[in-house]
Structure formats: C-alpha cells, structure tokens
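No lab work stands behind these numbers, since they all come straight from the coordinates. Being a predicted model, the structure only gives us computed values, none of them experimental. Because the Cβ atoms are built from the backbone with ideal geometry, glycine has one as well, and the counts that use them run over all protein chains shown.
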C-alpha cells in the first residue's frame, strides 16, 4: 500500500494525501462509512458508490465472524465481492465489539473468551485468530487486535492494558507475516496507539507503534467519553510522533467538529457511526447546522431537506415529508437520513481536502466548526 | 380522465389500454405498488420512478388521515407533491383499513365510528368525510366509501352490506359532485362492486355500479380468504357486466398467478401488498418461481438474485448476501427484496401487455402461471 502526501496546510498540521490499495485509490482526509455486518445500514451499495461517493468502507470483524462467518465471506472471494462493493475496505480487529457487545467476556494474556450477543455461544479471539479472520474477510486494511480502554480509566490499568496491547501487536505482526491473503491481493496491517488520556503513556505507545514501520498507524481509545479537549490533546501528542509519511487513522471519530479539529492535528482517516446511527434517530447534519427532524417545528416546512445538499434525497424530499416518515416509523426515514448525513460527511471531507490544497484550511475550519454545530 | 382500449386478446378477455390522468399516462394492465403512509416501504421515490418504472401508486386514506393529516397533505399541494412522486396516485376510501386495523369500530347508516390503532383517539368516517379527505389528499383516482365484507359471510349479511355500500355510493357521488379538487386538477371517483361470493348479488351490484357511468369501476371484497376459483368466478361475472370502455380495477389482488388469471378475465388495474410485504419477509418472486431467501440452501449461493432480472439489485447482489442480510436483520434486506419484487411485478405487467398486443396472451399466461408459482 502506497501513501503520498500531496499537500500540508501552512497554518495547521492538516494533510492531503493519496492512498493506493489493490481495490482503488483513496484521497485523504477520508471518512469511512461503517458497514457493520457487511452493509452500511439503510443504504444500497450503488448509493454508497454513485450518490455518496464513498472511497472506503469499514466492516466489523466481530459481526462478520458471527454472521455469516469468515468461511462464507472467504468463499465469496472476500468482503468486497460478498457485498458487491468491490472497492477498498477496512476491517477492525473485533476487539472493541467484544468489549461493547458480547454477552460475557474474560481477558487472559492469550486473548478474550466471550459469548455471542446473538445466541450466547462461546468463542475466543486471540491476536492470531483476529488476523486469520481478517485474512479471510480480505479487507485491504486489517487492524491489530488491541484492548480499547474505557473512560475514565485509572493510570495503572491504562498502563498494563497498553502493555498487553503492545504484546498482542507483536503476535499480530508475526502471524500476519506468516500468513497470506487468500484472495491474491495485498492486505496491510495497521497497529493501534493506546494509553488512555495519559500523555506519557500515549507518547510511549506512539513510539512503540512507530517502530513497527507499518503501512499506516491508528489511534484508538479516544472518543470514548473523555472531554473533546482531552481527545485533541492526546491526538496532537501522538501525531507529533507517528511517522509523517504514513497515513494516520483516528478510530471512531466523530462529529463534524471533531473531524475538522482532528484533520488540523494531522489525521488522515476517520470512521464513526454518528452520521448513520444518529441519522436513523432523526439527527441531520447540514452546512448550516444540526436539524432534529422529528421536531414539531418542521411539520409544515415543505422546503427541501437541504437546498445546497449534494445527494438526490436533499432536493427530492421536504423536511415536512421526512418528519412524517419518522413519525410514521417508515423505513424510508432511515434511508433518507442516512444518505443525507453520509452525503454531508463526504462533502465535508472533500471541502477539507480542497481547503488544504488551497492553503486556507485553518481559517475555514474555525468558521465551519461554529456553523456546523448550531442547532437549527 | 380518458381511457382508450388499444387491444383485446383474441383468446381471452384480456385488454391493453391507455389511461390519461392530469399527472400522466398509464398503460394497462397496470399494477399499483402500495404506498400506505405516502411511501412505498423501503423504497426511494427515485427507485419507484427510474428503476421499477411504476406508473401509479396507491396511498391509504386511513393512514394519511391519521398521520400526517389531510390538512398537511393539502397544504403541500397534494400527495403527489408531498412525497415528491409527482405522477398519478390513487387513494382508497379508508373503509377497508378501518375494518382491518382500527382498535374499535362501530357501524351505523351514517358511517363508521372508530378508534385509531396508533393512539386510541376516536374518529368518524362517513361517505362525505371520505370524499373530503380524498379531495385534500388530491389523488387522481378516489375510491367510493364501501364496506368490504369478510369471507366467509352469510347471504343475509352480504345482501344488507351491499345495499349499504350502494346507499353510501349515492352519497359519495353527490358529495363528490358538490366539491372540487383543491389543487386545480381533475380527480375521478371509482365506485366499487360488492356482494361477497354470491353470484346474484355480484350481478346486482355490478349493474348498479355500471349505472353510475363513472370514469372507472372497481371490484372489492375479493381476495379476502375465499378459494381462488371463487374469486375468478365472481370477477368473470362482474367483468361481463361492467362497461367495456372503462377501466376495471380488482382491489387487493394478488399473487402473480392471481393477476394473470384476472387479466384474462378483463381486469386492467391491480394493487396488492404481496410483493412488498412478502418481500420484507424474504419471499422473492422470480421468472422461474418463488424463492424463500432465508432458507439455508442459499447460504453459499453466490449467483445473482436473478440473472435475468430487470432492476439493478437483481445483478448487484448475490443470493448468499441477501440471505445474510435477512439473517442479520439489516434494513438493506427489505430494500433489496422490495425493489426486486416490484421490479418483477412491473415486468410481469409489461410482458402481459406485450402478449395482449401480440395476441398470444392466452397460451403465454398458462405457461407462466405454472412456472411462476413453483417453489425453488
């Protein structure tokens, strides 16, 4: 996997780059819609490709391991063929979902024993197993198996968890090197910086992760409930250490404001369920601020969802109609708000890239952060 | 509203016609997808228009009256503008849904008092009120307020119910004549033949309905549980009486086989929730038969949903992937099966029309009925 830095913003640390994978080229900064079970909820692959213009989609190893199972996805020729997307994909390691979703989980040095949230069946994830599953799923970018600490987290736990994550990383790297993509294309492995909100741990972890010389590096364990300022501080510290010439992925972030701030700190890749999950709950992100479409105030507002919007749904449907669909619990409500919000996130990333290339990202970002987070 | 009979099949009573409304031209025989609350479930308006090629959509007066309310739809400029469809629509009278959905209902000569299934609030529908609501909703075709008898239904009840339906029709016709479309275009009113499964009642009702000289005529109270042969017999009797030069609409029908048989009897218009509702439950209609996509047998079948299918989803997704989406309860499962099934129904209607024009409908229909109802 090849990464080229095209531009660096003169007033911030924002970067515009190009990432080349065997399934296509990705222009950064990039937002990856979350396709948990091999599908971005309420969205056709065609819409993801043609209407939204997504460049890369994330799949969740925990979900895909349980259903349909890595054997089925491997037989299909990998996730990109199984769901018809055919463009770049990234899979997480499965660790985070075990911690947040599994009915039971028990940590050992070896890995995590857990019970499925679906049927209670017992399973084990180890660093090696996570690599094997991700090999079968065949994502272009695989993630190291780590422990994502919660917030708050005491120093002692954060330290020992970080050390476990580092030992697991060494096992991931070894097993990754000993195995191959069963689909015949190249897969990359990204290690993950941990260390909770402790500056010294984050620095130690960033240095260890950098020493791996991976194709790209990720920052985990943030956006888990800590104040935004703390997240930005940790991200800044880590970006100062991670290699400049490799893509940097801030996992699970975030709101439009979180993303703009983090781009300014030097982050290239993002993923988050906010545009899709909050969309399904009636929260719409627009160029002028945030709309709660279920609100009574939109009942007779027959204006388009967003007149300046970039996807067909923005002009085709009115606010009053979308509100009616939410009130009536129509599936179409989720479909429209998902396509709208992801369209907005894609626009935000494209604009960010343009402004970085223009050299005006810094001032543009400050105006946008205020505007985008207003409540309409 | 203008109806032209273009062709009549030489060996059956099947007809190919053209219906001109103020919102566009409809080629018959036609199937109307059901858009209960102003939306065909799990489908974008754009898909209905561009991918499926629907010509006319049905809206349910009961649902739209309760949510968002006829005042909102009227302010939007009618249902065609409210949901962005902008092409022909038909609304039912609200009667059938009151009988099947309302929490409580009580009949009088005047109308039906009922409680909303949503919040238990009390309402009344009368023939005049149904006309007023449908005027506000602004559908091109409005339906008369009738009582749809269940099956089985004793002769005495069927007779008195039919007589009530006829008296209600006279009130509908009167009130319809005294009111106007608030949106400035033409609306038509279709009366409905009732009479349960009793030949003499059906004949009497068909004669009474024919005497109204309406723009089109409907047959109600069939496909409510009676044997298919009984439905065809009643439909045939009624078609022999209804005016030849007006469109004939068989309400709530049906499976692909039901539709082909009824086209052969002289029916021009259909609506049914089968393609959409059964689709959301995993039943797919194809050119070669019926697929229960949740079945284990499709688990590793990576072939397209239907290689000869007419909508993008048929080729873009595999059977194994669609099965996985159903098992994982993904919204996309409903989206794909809905677009597939409606695409199939549209194809079936277009093929029927071609065969009628070619003069080969009769033999084609017999082959198709057997083929389409096979279980794959």
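Annotation for residue B:315, label-to-label distances across the other copies: 2.7 nm (shortest first, one decimal, point 7 Å from Cα along Cα→Cβ). Place the label 7 angstrom along Cα→C-beta at residue A:53 and in each other copy, then list the distances from the first to the rest in nm, shortest first. Result, one decimal in nm: 3.1. Put a dot 7 Å past the Cα of residue A:233, heading toward its Cβ, do the same for residue A:105, and the two dots end up 2.7 nm apart.
In chain A, the longest principal axis of the Cα atoms and the axis of helix A:228-239 are about 50 degrees apart. Size descriptor for region B:164-296, Kirkwood hydrodynamic radius: 16.4 Å (Cα pairs only, one decimal).
Report, for region B:2-276, the % of DSSP beta bridges that are antiparallel, rounded to 5. Looking only at bridges with both residues in region B:2-276, the antiparallel portion is about 50 percent. Reported to two decimal places, what Rg/Rh ratio describes chain A when computed on Cα atoms with Rh from the Kirkwood expression? Dividing the radius of gyration by the Kirkwood radius yields 0.96.
Each of B:8, B:267 was scored by other Cβ atoms within 10 Å of its Cβ. Listed from fewest to most, they are B:8, B:267. Estimated from the Cβ-Cβ distance and a Förster radius of 41 angstrom, the FRET efficiency linking residue A:315 and residue B:373 is about 0.45. Given their separation in residues at 0.36 nm each and the Cα-Cα distance between them, residue B:27 and residue B:179 gain 51.9 nm when the chain is fully extended.
For region B:1-98, the share of alpha carbon pairs falling in successive 10 Å distance bins from zero is 15, 41, 31, 11, 2 percent.
Copy-to-copy label distances for residue B:257, where each label lies 7 Å from Cα along Cα-to-Cβ, are 6.2 nm in order of increasing length. Take each residue in B:313-319, count the other chain C-beta atoms within 10 Å of its C-beta, and the mean is 3. Each of B:280, A:199 was scored by other Cβ atoms within 10 Å of its Cβ. Listed from fewest to most, they are A:199, B:280. The antiparallel fraction among DSSP beta bridges confined to the protein assembly as shown stands at about 55%. For chain A, the longest principal axis of the Cα atoms and the long axis of helix A:199-210 meet at an angle of about 70 degrees. Among A:120, A:216, A:252, the residue with the largest mean-square fluctuation in a Gaussian network model of chain A, with springs joining Cα atoms closer than 10 Å, is A:120. Once you treat every alpha carbon in the protein assembly as shown as an equal point and sum by Debye, what is log10 I(q)/I(0) at q = 0.06, 0.08 Å⁻¹? The Debye formula, applied to the Cα set alone, gives -0.44, -0.72.
Quotient of the Cα radius of gyration of region A:64-106 and 2.2 N^0.38 Å, N being its number of residues: 1.35.
Overall shape of region A:265-370 was characterised from the C-alpha gyration tensor. The equivalent ellipsoid obtained from it has semi-axes of 28, 14, 11 Å, in decreasing order.
Counting other Cβ atoms within 10 Å as a rough exposure proxy, the listed residues B:15, A:67, A:122 run A:122, A:67, B:15 from fewest neighbours to most. I need the fraction of alpha carbon pairs in region B:154-216 separated by more than 17 Å, rounded to a whole percent. Summing the P(r) of region B:154-216 above 17 Å gives 44 percent of all pairs. The long axis of helix A:127-137 is offset from the longest Cα principal axis of chain A by roughly 50 degrees.
Largest GNM mean-square fluctuation across B:328, B:93, B:337, computed for chain B with C-alpha springs under 10 Å, falls on B:328.
The distance separating the Cα centre of region B:29-101 from that of region A:159-204 comes to 53 Å.
Under the simplified labelling scheme, the residue B:297-residue A:154 pair shows an inter-label distance of 6.0 nm, with each label point 7 Å from Cα along Cα→Cβ. When the Gaussian network model of chain A links Cα atoms closer than 10 Å, the mean-square fluctuations of A:260, A:90, A:66 top out at A:66.
For the rotational copies B and A, the chain B residue with its Cβ nearest the relating axis, together with that separation in Å, is B:331, 3.
Rounded to the nearest 0.05, what FRET efficiency do residue B:273 and residue B:366 give with R0 = 22 Å and r taken as the Cβ-Cβ distance? Could you check?
Working: r = 26 Å, r/R0 = 1.20.
After rounding to 0.05, the efficiency reads 0.25.
Multiplying the residue separation of residue A:357 and residue A:122 by 0.36 nm and removing their Cα-Cα distance gives an extension gain of 79.6 nm.
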